[in-house]
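The values are calculated or read from the model by the stated rules, or taken from the named source; none is laboratory data. Model, not experiment: these values are computed from the prediction. Every residue, glycine among them, receives a Cβ derived from its backbone with ideal geometry; neighbour counts consider all protein chains shown. These area figures cover heavy atoms from the full protein model, side chains too; ligands, DNA and RNA do not enter into them. Shrake-Rupley method; radii C 1.70, N 1.55, O 1.52, S 1.80 Å.
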Amino acid sequence: MKRIFIYGAIILSGFAAATSCLDEKPVYSQNSQVIFSSEGNAELALLGCYGYLTENTAFGQMWQEVPLVASGLAWSQRNGDDGDHLASLAATPGNALVSSAWKGMYKVISECNAFLESMERSQLSDAAKTQMMGEAHFLRGLAYYNLVSLFGDVPLKTVASSSDGIEMPRAPKNEVFDVIVEDMIAASKISAKSSAGRANSWAAKAFLGKVYYKMAMLDINREENLNNAKTVFDDVYASKVFSLEDNYAGLFAPYNTPEYAANSKEVIFQLNFNSASTVCYNRGSNRFAPQASTSGVNWGTYRVAKYSYDLHNGTYPGDPRVDVNFLTQWRSRNGNNQPAPKTQVGDKLCPGDSTYAYPKRAYKAEGQPATATVMLKLPYDIFSDPTNPVKAELDTYSGPYPAITKGMWNQYTIAGNAEKWPYFGKLYDQGQVAQRANKHLIIYRYAEMLLIMADVYNELDLTPKAVEFANEVLYRARNCGATVSAQPADWSKSLSKEQVTEKLYFERLFELMGEPCIYDMVRIRGVKYLEKLLLRNNAHNITIDANNTYGTTSDRFLDRLFDNGSKESLPADFLKKNLLLPIPSSEIDANAAISNSDNNFGYNS
């Protein structure tokens, strides 16, 4: 399996700091005739373009961290730092995490621009140019898609940077999408097959369908782009190049474990990492895994909002994906950088050797020796609405360990240890090396394409066929565990268009929880569905009680409510503002063509 980051590191090491994100000078462009005198040297430069996508400012960290934390599905400490502001949907232009993510994607774009110009001037064969330039177009299109999805109108640069011309205004998003479409069309002319971690023509076509869909959802030539998306998706679907992986958990397993689903046909595009690199590596587990849960370094910086777990678990009781999406138990260690966990007791995780997080707890067993413990879980089957437990209903519990079980409500609504929240399971690597995870990162996969394709068909009033596509994903979901589950059950083809729209919105969140696309998926349906989701948090009873507790404690890690805490509605300005992140003040300060007044709605005062 090709390790693209190694080649990227060679190029990355030659960059100097720049004032504006638009002023990047790839080292090879300073002597392009030497680098591009052979296909081998040009290949090395192309791998540098891939390498930028794996850097810490890109998917190595920031393009996992920022989209997940700002999605509305995660919490960090309530301490007023940048992570807190992102999680609370109260980011400011000065947010350093946002600035870093912005710069990361523009580095990819600058590298690709310089590569494309140098390739065009080279004397290499037409075949080499078509292939290598097509891959660079794919990477640039992906980078611009990320930027326009999180920031809206952005500076649009398609030529190599120099010391002149770095002052650029924001281009309207429809113009940015035009370039993305052109990039993906160019990329669709490359080879239909590729080595792991590289783009191919089918990946470009599948991504082009996603681009058309996004444009339609933004009301950019809506009907035309819905039909464009359908045409492209139909082509990809009929090719059978991609298919759903039976082993859902294996898609996200560390690549050095037997569980890893290597070379899965579900992967449309992924980035490959290696924990041996100290230049470009995957910090997802480092940022999102709980402290003392891996052999590396973790701080439990970010945690899943409890309402998010309950929404999935309560909608589809027994869905095998829940245990993949959410980390709720792990082998305990005595601290960070401990190579070996505590001695295992028995064949499976148990209270004697493991830590349990919401909605599970380990307790001293009543009537048993002091060393005996038992794992209990909130009894969701007693709640009239399992997506939103009610304390009064829990108080009527009469099953095993009733006193302890009833006391779980207070355990989850008062300040305390890190076990009071679940974590993003897809990012977790128990065998992490320092800050580096033994994990690749899927950027786009077939299940996402199917669910988007279903939405396209539904919008075109082909609802029964849309349900068929969704049911393919649901079938895999209920069959991906050790035993076949009853949930998620197939949807009926008699559902209305409006019902399918809503079910698809939430199904994308369930299927794609913890993946880099989640920010986009939360907002893909605009303010109406963003409000539907965020009100789930504000109406979540455990979250409400925890928020009320916050004023009585000095602990900074507790759940909170969005904006004014209303369970009925959220202000229109708050929702509109949170469809996008702010243009970073670091760019505004360095780019005279953008002023504070040019920033996105809600950030331009």
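For the reader, a short list of remarks on this structure follows.
- Scanning the range 399-422 for residues that are within 27 Å of the chain's Cα centre (by Cα), more than 17 Å from Thr549 (Cα to Cα) and of a type in the set (Lys, Arg) yields nothing.
- Taken over the range 587-605, residues that are of a type outside the set (D, E, K, R) and in a helix (DSSP H, G or I) amount to 4.
- Of the residues Leu509, Leu504, the single one that is farther than 23 Å from Ile220 by Cβ and under 21 Å from the mean Cα position of the chain (by Cα) is Leu509.
- Scanning the range 95-123 for residues that are buried (at least 20 other Cβ atoms within 10 Å of the Cβ) and not in a helix (DSSP H, G or I), we see that the one that is modelled with the highest pLDDT is Asn95.
- Taking the numbered list (1) free of Cβ contacts under 8 Å to residues at least 60 places away in the same chain; (2) part of a helix (DSSP H, G or I); (3) open to solvent by 30 Å² or more (accessible area, probe 1.4 Å) in turn, Glu259 passes all entries but (2).
- Hits in the range 527-573 - residues which are more than 25 Å from Thr301 (Cα to Cα) and open to solvent by less than 20 Å² (accessible area, probe 1.4 Å): Tyr529, Leu570
- Evaluation of Ala74 against the conditions (1) open to solvent by 30 Å² or more (accessible area, probe 1.4 Å); (2) of a type in the set (Gly, Ala, Ser); (3) in contact with a Leu (Cβ under 7 Å, 6 or more places away or on another chain) shows that the sole unmet condition is (1).
- Of all residues in the range 311-344 being under 19 Å from Ala362 (Cα atoms) and not in a loop (DSSP other than H, G, I, E, B), the one that is farthest from the chain's Cα centre (by Cα): Arg331
- For the range 383-418, a residue qualifies if it is in contact with a helix residue (DSSP H, G or I) (Cβ under 8 Å, 6 or more places away or on another chain) and within 17 Å of Asp559 (Cα to Cα), and the qualifying residues are Thr387, Asn388, Pro389, Val390, Lys391, Met408, Trp409, Gln411, Tyr412, Thr413, Ile414, Ala415.
- Any chance Lys189 is surrounded by fewer than 17 Cβ atoms within 10 Å (Cβ to Cβ) and under 10 Å from Glu135 (Cα atoms): yes
- Annotation: Tyr237 fulfils all but one of (1) open to solvent by less than 40 Å² (accessible area, probe 1.4 Å); (2) over 18 Å from the mean Cα position of the chain (by Cα); (3) among the aromatic types (Phe, Trp, Tyr); the unmet one is (1).
- Among residues of the range 421-437, those that are open to solvent by 10 Å² or more (accessible area, probe 1.4 Å) and either under 14 Å from Gly250 (Cα atoms) or not small (Gly, Ala, Ser) (or both), counted: 8
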